[in-house]
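Shown next, in structure tokens, is the structure this report addresses.
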Amino acid sequence: MIRLYDYWRSSAAYRVRIALHLKGAAFETVPVNILPGADEQLTDQYRAVNPQMRVPAIEVGGQVAGQSLAIIEWIDETMPGPALLPKDPWQRLQARAFADVIACDIHPLNNLSPLAVLRRDFGADEAAIKHWYQDWILRGFAALESMASELAARPFLFGDTPGLAEIVLIPQVANARRFETDLSAFPRLVALDEMCRALEPFKRAAPENQQKN
């Protein structure tokens, strides 16, 4: 049995849920409330599970690993079902690069920890936080829109089925909308989001369909 340590609105955990559902995998969810004031990820109990004290983490056979992209590649390597990465080495590089724009450039700057530092150490109010959040999304999405537009026309970015690129994109689009970001400059990304959210694995993984803790 796979055990996923999860928070319903964590975009990194959202990615892993999508990958598991695309593979048709059975898993158990262990909710970890990471909201300020709850901070369950900072408890000694959770630190013993994941020393990084973040979600998601995945437990299989008593072994635990964190980091959503590493988990997703493990899921792809070990589980039957549709491939999440292209077979062609260059396209695999492109798919990873697309995902990393979000996972390495946008998301870390907009995560709860840096936002808390902006509020606590630099006196940022909610208007400033929103501006910060939107700015990094707009920069990253401009690059992603260009990358997506250069790929050959097909239903999804790297083939007939969604993969790593879409798995990472759709949670970030949800974050962008939550912070009221204008996405009109990114028609390809918006179209991908619409197509993916109509699919059952993406519906099942969506934050609104998770246990709220």
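In the stretch 168-181, what residues are in contact (Cβ under 8 Å) with a residue 12 or more places away in the chain and not β-branched (Val, Ile, Thr)?
Step one: of the stretch 168-181, the residues in contact (Cβ under 8 Å) with a residue 12 or more places away in the chain are 168-176, 179-181.
Selection gives 169, 171, 172, 174, 175, 176, 179, 180.
Within the stretch 39-52, the residues that satisfy the criterion of being open to solvent by 50 Å² or more (accessible area, probe 1.4 Å), farther than 16 Å from residue 8 by Cα and not small (Gly, Ala, Ser) are 42, 43, 44, 45, 47, 51, 52. Looking at the stretch 138-163, which of its residues are open to solvent by less than 30 Å² (accessible area, probe 1.4 Å) and not in a loop (DSSP other than H, G, I, E, B)? Answer for the stretch 138-163, where residues must be open to solvent by less than 30 Å² (accessible area, probe 1.4 Å) and not in a loop (DSSP other than H, G, I, E, B): 140, 141, 144, 145, 148, 156, 159. Elements of the type helices (runs of 4 or more DSSP H) sitting completely within the stretch 31-124 and holding at least 2 residues that are among the small types (Gly, Ala, Ser): these cover 68-78, 89-100, 112-122. Within the stretch 192-213, residues that are within 20 Å of residue 24 (Cβ to Cβ) and without any contact (Cβ under 8 Å) to a residue 40 or more places away in the chain sit with their Cβ atoms under 9 Å from residues that are small (Gly, Ala, Ser) and assigned to a helix (DSSP H, G or I), at 6+ positions apart or across chains, in these pairs: 197/174. Among the conditions (1) more than 25 Å from residue 7 (Cβ to Cβ); (2) at pLDDT below 95; (3) touching a Phe, Trp or Tyr at 6+ places or on another chain (Cβ under 6 Å), residue 151 misses just one, which is (3). The C-beta contact set for the stretch 7-34 (first residue in contact (Cβ under 8 Å) with a residue 12 or more places away in the chain and over 23 Å from residue 173 (Cα atoms), second residue open to solvent by less than 30 Å² (accessible area, probe 1.4 Å) and assigned to a helix (DSSP H, G or I), distance under 7 angstrom, 6+ apart or interchain) comprises 27/20. Considering the stretch 9-38, and only residues there that are open to solvent by 50 Å² or more (accessible area, probe 1.4 Å) and of a type outside the set (A, V, I, L, M), the residue that is nearest to residue 199 (Cα to Cα) turns out to be 24. Residue 135 satisfies every condition listed in (1) exposed (fewer than 14 other Cβ atoms within 10 Å of the Cβ); (2) under 19 Å from the mean Cα position of the chain (by Cα); (3) modelled with pLDDT under 95 except (3). The lone criterion from (1) within 20 Å of the chain's Cα centre (by Cα); (2) of a type in the set (Ser, Thr, Tyr); (3) farther than 15 Å from residue 169 by Cβ left unmet by residue 68 is number (3). Annotation note: of 185, 127, the sole residue that is assigned to a helix (DSSP H, G or I), open to solvent by 10 Å² or more (accessible area, probe 1.4 Å) and over 26 Å from residue 76 (Cβ atoms) is 127. In the set (1) surrounded by 18 or more Cβ atoms within 10 Å (Cβ to Cβ); (2) under 25 Å from residue 39 (Cβ atoms), residue 112 fails one condition alone, (1).
The values are calculated or read from the model by the stated rules, or taken from the named source; none is laboratory data. Computed from a predicted model, the values in this text were never measured in an experiment. Methodologically, a virtual Cβ is constructed for each residue, glycine included, from the backbone with ideal geometry; neighbour enumeration extends over all protein chains shown. Heavy atoms of the whole protein, side chains included, go into the accessibility calculation; ligands, DNA and RNA do not. Shrake-Rupley method; radii C 1.70, N 1.55, O 1.52, S 1.80 Å.
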